[in-house]
Amino acid sequence: MRVLHAISQGIGLIFAIVSAAMIGLAAGAIWMLLSAYMQRGLPWLIILIGLVVGLVTRAAISRSRWLGPLLAALGTAMAYVYLLGLSGAMLLAGTFGMSFGQALRHAGFAMLADIAWFRLGAPQLVLMLIGMAIAAFTAHQVIARGESPQR
């Protein structure tokens, strides 16, 4: 019986990690689309992204008081870094006169990660930390109110 419980907890943890990663990637992609449509950076969206990632991550985690906020913060950081990589691909596409898909294929993961790292300066890092704090706080507040914490 303990083995089944341990397997269940392991599967739950994997589901929580995958959920946080997927919501972070989806939020980053939507953020990039909105930024491209508005032709602006839209840095204030980190507040909304942090709230959404915090709520969604908490919905996937019902056991731990520290895991939800941690995964929400990491999911928000992933959203911001993904935004930086995708917007770097858009910059490459515009610079070299190719489609966005071609820029993604030709640049590859390593180059887009380097572009995202290069674009992560002090103001962007502070913005990302604010979003991470909002996400962690949101996930923690949902737990503190007692919405389905199972022990």
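No lab work stands behind these numbers, since they all come straight from the coordinates. Just so it is clear, the model here is predicted, and its values are computed rather than measured. All Cβ positions, glycine included, derive from the backbone under ideal geometry; neighbour counts span all protein chains shown.
Laid out as a table, the results:
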{"read-out": "Helix-only CD estimate at 222 nm, as mean residue ellipticity for the chain, using -39500 (n - 2.57) per DSSP H run (n ≥ 4)", "value": "-29500 deg cm²/dmol"}
{"read-out": "Least to most buried among Thr76, Thr138 (fewest other Cβ within 10 Å first)", "value": "Thr138, Thr76"}
{"read-out": "Extended-chain gain in nm, criterion 0.36 nm per residue less alpha-carbon gap, Arg119 and Ala133", "value": "3.0 nm"}
{"read-out": "Gyration tensor (alpha-carbon) shape descriptor, the chain, a/c threshold 1.5", "value": "prolate"}
{"read-out": "Peptide ranges 119-127, 2-10 listed from the most packed, as the mean C-beta count within 10 angstrom indicates", "value": "119-127, 2-10"}
{"read-out": "Pairwise FRET efficiency - Leu4 versus Leu25, Cβ, R0 = 35 Å, nearest 0.05", "value": "0.65"}
{"read-out": "Dipole axis of the range 2-144 (+1 Lys, Arg; -1 Asp, Glu on Cβ), positive-most option in His5, Phe109, Tyr80", "value": "His5"}
{"read-out": "Peptides 36-44, 52-60, 20-28, 104-112 ordered by average Cβ neighbours within 10 Å, highest first", "value": "52-60, 20-28, 104-112, 36-44"}
